[in-house]
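Report on the structure given below.
The values are calculated or read from the model by the stated rules, or taken from the named source; none is laboratory data. All values reported here derive from a predicted model rather than from experimental measurement. No Cβ is skipped: glycine too gets one built from the backbone with ideal geometry, and neighbour counts run over all protein chains shown.
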Amino acid sequence: MAAPTRIAVLKESAKGEARVAAIPETVKKFIALGAEVAVESGAGLGAAVSDAQFEAAGATIAPRKNALEGADIILAVNGPDPADLAGAKAGALLVGALDPLRRREAIDGYAAAGLEALAMEWMPRITRAQSMDILSSQSNLAGYKAVVDAAARYGRAFPMMMTAAGTISAAKVFVMGVGVAGLQAIATARRLGAQVSATDVRSATKEQIQSLGAKPVFVENVVGIEGEGAGGYAGEMSDEYKAAQAELVSAHIAKQDIVITTALIPGRPAPRLISDAQLATMPPGSVVVDLAAEAGGNVEGCVAGEVVVRHGVTVVGASNLAASLATDASALFARNLYNFLSAFWDKEERAPVLPDDDEIVKGIRLTKGGRIVSERLAG
Ligand code: NAD
């Protein structure tokens, strides 16, 4: 019988990162598959998981160097520096959110180190891969947290309240971009009692918005993207569409108290949806949370990781909101990784076997045998 696969779980080193790529539940499940798991000491602390809890689940706790020694699989939330991975076996799988387009040098480093790097954010949007989709699991939490953060910064209440001292009107919340994060933002704002409207370029979202009790605000005179869009994703819109959208937003935004923007186009900078002039028309004290801040921002003047006040409007450049819900975010992320690896687990080999022609493998595999093998990175 093959030797057990050794899995190393790294402690994250990125600033502000509190998540961890495994939880005791997934450690137990990997062990049940016949693997051995070594967790870097303190890896779970930011997510409220102690070394003792990992140990109780069957993991060994070790400094990074020892955890990596002889590792066949390395689990991480963010792509680690290749120089920090010494000791792993040649051909070891590195699984995490590797950010391939912005970290090309690191990806080259993984190839040079002989690692097989697997970028989980490039998981194809197919039914079979839904439970492995880190973008969905983390965006869902980010959409929720964006609204909670906006509510905390807003000097007024969200729900309508009839009190003996007079009536408080409901906050008006506008969600721009209705993917996974946007849908959760709508649901959360509704639960808090706000009056919610939302927009997207994909026509399939209209019904989704309505089913959550919010009002769709759509460009009607120029066609947007029919249905779900290619692979569930939006593309760059025509100039004509952009002009019609800007006009629509101008008319709507001046009446909004809270705006949550989440619009992203894969592989491109985020579309600009709110100009500085439009921001200036919002009531003073309004709050805008830009979830696309790290991709360049949907809002003019937004700064990733910072809160700025422009024209009396608070603009939050949201950055890694999922990390601020580290316990839940880690649990979902860890299960995404487990669901992926276990789906390819070969009982005889006691290891995952990743066929070259599998759609999932083709989507996420960046490097193998010392080379870049991803078509998306080569092209
Ligand atoms: P995303 O993060 O890529 O983008 C967020 C939203 O912004 C999208 O709805 C997009 O249409 C919208 N957007 C882009 N440009 C815009 C613009 N100029 N103006 C307004 N809105 C704009 O999207 P996402 O959250 O990853 O989800 C996209 C879709 O994929 C959803 O329909 C989701 O249900 C689907 N999905 C499918 C699977 C699966 O089948 N495995 C998994 C996850 C998501």
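Pairing each residue of the stretch 261-285 that is more than 14 Å from Val249 (Cα to Cα) and modelled with pLDDT of 95 or more with any residue that is away from the ligand (no atom under 16 Å from the Cβ) and among the hydrophobic types (A, V, I, L, M, F, W, C), provided the two are 6+ apart or on different chains, yields C-beta distances under 9 Å for Pro283/Ala254; Pro283/Val313; Pro284/Val313; Gly285/Val313. The set of residues in the stretch 86-111 being among the aliphatic types (A, V, I, L, M), modelled with pLDDT under 95 and either part of a helix (DSSP H, G or I) or surrounded by fewer than 22 Cβ atoms within 10 Å (Cβ to Cβ) (or both) consists of Ala86, Ala90, Leu101. Would a scan of the stretch 45-62 turn up a residue that is surrounded by 18 or more Cβ atoms within 10 Å (Cβ to Cβ), closer than 20 Å to Ala322 by Cα and hydrophobic (A, V, I, L, M, F, W, C)? Looking through the stretch 45-62, at least one residue is surrounded by 18 or more Cβ atoms within 10 Å (Cβ to Cβ), closer than 20 Å to Ala322 by Cα and hydrophobic (A, V, I, L, M, F, W, C). Identification of strands (runs of 3 or more DSSP E) wholly contained in the stretch 237-342 with 1 or more residues that are surrounded by fewer than 21 Cβ atoms within 10 Å (Cβ to Cβ) and of a type in the set (Lys, Arg) yields 307-310. Which condition breaks for Ser13 when tested against (1) out of contact with any Leu (no Cβ under 6 Å at 6 or more places or on another chain); (2) assigned to a strand (DSSP E or B)? The one condition Ser13 does not meet is (2). List the pairs whose first member sits in the stretch 302-330 and is among the acidic types (Asp, Glu), whose second member is surrounded by 15 or more Cβ atoms within 10 Å (Cβ to Cβ), and whose Cβ atoms are under 9 Å apart, counting only residues at least 6 apart or on separate chains? Close Cβ pairs satisfying both conditions: Glu306/Ala293; Glu306/Val315; Glu306/Val316; Glu306/Gly317; Glu306/Ser319; Asp328/Ala47; Asp328/Leu141; Asp328/Ala322. Just one of the listed residues (Val178, Val148) is under 19 Å from the mean Cα position of the chain (by Cα) and more than 16 Å from the ligand (Cβ to nearest atom), namely Val148.
For every residue, the table says whether it meets (1) β-branched (Val, Ile, Thr); (2) on the phi > 0 side of the Ramachandran plot.
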| site | (1), (2) |
| --- | --- |
| Ile260 | yes, no |
| Ala263 | no, no |
| Gly267 | no, yes |
| Asp290 | no, no |
| Gly301 | no, yes |
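The listed residues are Met120, Met161, Met176, Met132, and the only one of them that is without any contact (Cβ under 8 Å) to a residue 12 or more places away in the chain and either more than 27 Å from Ala326 (Cα to Cα) or surrounded by 19 or more Cβ atoms within 10 Å (Cβ to Cβ) (or both) turns out to be Met161. Residue pairs whose Cβ atoms lie under 8 Å apart, separated by 6 or more positions or on different chains, with the first residue in the stretch 230-249 and without any contact (Cβ under 8 Å) to a residue 60 or more places away in the chain and aromatic (Phe, Trp, Tyr) and the second near the ligand (Cβ under 10 Å from one of its atoms) and outside any helix (DSSP H, G or I), are Tyr241/Val201; Tyr241/Val219; Tyr241/Gly224.
In this structure, is Arg103 within 16 Å of the ligand (Cβ to nearest atom), of a type in the set (Lys, Arg) and out of contact with any Pro (no Cβ under 9 Å at 6 or more places or on another chain)? Here the answer is no, as Arg103 does not meet what is asked. Within the stretch 346-359, is even one residue in contact with a Lys or Arg (Cβ under 9 Å, 6 or more places away or on another chain), of a type in the set (D, E, K, R) and assigned to a helix (DSSP H, G or I)? Yes: the stretch 346-359 contains one or more residues that are in contact with a Lys or Arg (Cβ under 9 Å, 6 or more places away or on another chain), of a type in the set (D, E, K, R) and assigned to a helix (DSSP H, G or I). Residue count for the stretch 25-54, restricted to those that are over 22 Å from the mean Cα position of the chain (by Cα) and either outside any strand (DSSP E or B) or at pLDDT below 95 (or both): 16.
Please determine whether any residue of the stretch 290-306 is at pLDDT 95 or above and farther than 25 Å from Leu101 by Cα. Scanning the stretch 290-306 turns up no residue that is at pLDDT 95 or above and farther than 25 Å from Leu101 by Cα.
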